[in-house]
Amino acid sequence: MATALPNVGKGSRYGDLKRRLLFLLAALVVFRIGAHIPCPGIDPNVLADLFQGQQGGILGMFNMFSGGALSRFTIFALGIMPYISASIIMQLMTAVSPQLDQLRKEGEAGRRKITQYTRYGTVLLALFQATGISVALESQPGLVLDPGLMFRITTVTSLVTGTMFLMWLGEQITERGLGNGISIIIFAGIAAGLPQAIAGTLELVRTGAMHPLTALLIAASVLAVTAVVCFVERGQRKILVNYAKRQVGNRVYGGQSSHLPFKLNMSGVIPPIFASSLILFPATLLGWFGSADGMIWLRDVAATLTPGQPIYVLLYAGLIVFFCFFYTALQYNPKETADNLKKSGAFVPGIRPGDQTARYLEIILTRLTLAGAVYVTLVCLLPEFLILRWNVPFYFGGTSLLIIVVVTMDFMSQVQAYVMTHQYESLLKKASFKGGLPVR
């Protein structure tokens, strides 16, 4: 198989791009097949009734991310969320641990070591979550056909294996396909539920449960949010950087200008995902324990943390802003950037190299992060009111639209990069450069 791959590109100008696209499609087909392989020992009718009452909770959100695998309780029910959580934890550890920070600076070897630690963390988190899910399922009357140790072992083994396979599949998509594999899997899970969500909305209009003008308003809101996300995600703040001239022998190097591009939303879709998880997870647990005798007050507390309630909106907005600043601080270090600029002989016009440049970059980054946090909060909260007012499916929420648009834009940029690369190679061959300048 490995020897046959290079021959694909001989008759095609974009042979490598074609191979990557075909591999991506095949991986998504495997993902959708696995999302329909159920775990044994569950009554599907009772499970459907359970999810019917939890559509606005964390089960509904995780079910959306898993492409409906959780509502069917398949081997991919946990989805890719344990890997995402392990990646975030590893990034936090890298920021506070000198040993991990040194590994990060060692290049490819260090990156492979950190990836290995992330995989170990994924296994531990998946084991913890799968065990909790198996115990929680047994507490629901009539849901588990044969409760006991064997059911827990089977469930934990199936869910952990499914998560590890998705992690491996995502890494293969990143390496052999196009785009970020983990993001593509989340995107595929959300996109898989869109036809059903649209059909459900049209059914509400047909039966008279929703006015046609309301459906048009929802469609216009979705298009408006999509347009805003496309506009803002492409926005950048370019900081001018000049390189000082230096002479080496008889040649003069430098004297050129470049830019440091800062995105408005540098944290991506991580803040709304984690904000929703932190709020809805305790709310779901309180709702489960509130069903016991003498624990009615727990159910009342859980009701205040459901989407649309004032406390939920305030906590959701506050956590989104917090994670925007927190995740951006993990991803970008102004002090390190200023030191690298100083070492390369570069400087920002009007700003002294070193500490002053670091403070200047930090001020700009703080302002951009604040604007990005407000943007992400508005995008995620405005559709929440649509969901509350007209009972719109979760798939029309701001978080899902943000993920779909951002992943699609990243995928298109990857395709354009491959096309431009082949165009440059063609121009170089026509100019007889053959990939580089002639040696004098």
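Phi-derived couplings, Karplus 6.51 cos²θ - 1.76 cosθ + 1.60 at θ = phi - 60°, listed residue by residue for segment 97-105: 9, x, 5, 5, 5, 5, 4, 4, 7 Hz, with x used for Gly and Pro. Using a simple spin-label model with pseudo-atoms 7 Å out from Cα toward Cβ, Lys18 and Gln52 lie 5.0 nm apart.
In terms of packing, defined here as the mean over residues of other Cβ atoms within 10 angstrom, the peptides 132-140, 75-83 line up highest first as 75-83, 132-140. Straight Cα distances below 19 angstrom link Lys342 to the aspartates and glutamates Asp355, Glu362, with same-chain residues fewer than 8 positions distant left out.
To the nearest 0.05, how large is the calculated FRET efficiency for Cys230 and Asp146 if R₀ is 41 Å and r is the Cβ-Cβ distance? The formula returns an efficiency of 0.20 here. When nucleic acids and ligands are ignored and a 1.4 Å probe is applied, Glu108 ends up with an accessible area of around 100 Å². Computed extension gain for Leu330 through Thr157, at 0.36 nm per residue and net of the alpha carbon distance, reaches 58.9 nm. Label separation (Val419 vs Glu138): 5.6 nm, computed from points 7 Å beyond Cα along the C-beta direction.
The values are calculated or read from the model by the stated rules, or taken from the named source; none is laboratory data. Everything numeric here is computed off the predicted structure, so don't read it as measured data. Positions of Cβ are generated from backbone atoms using ideal geometry, with glycine treated the same way; all protein chains shown enter the neighbour counts. We work out accessible area using only protein heavy atoms, side chains counted, and drop any ligands, DNA or RNA first. Shrake-Rupley method; radii C 1.70, N 1.55, O 1.52, S 1.80 Å.
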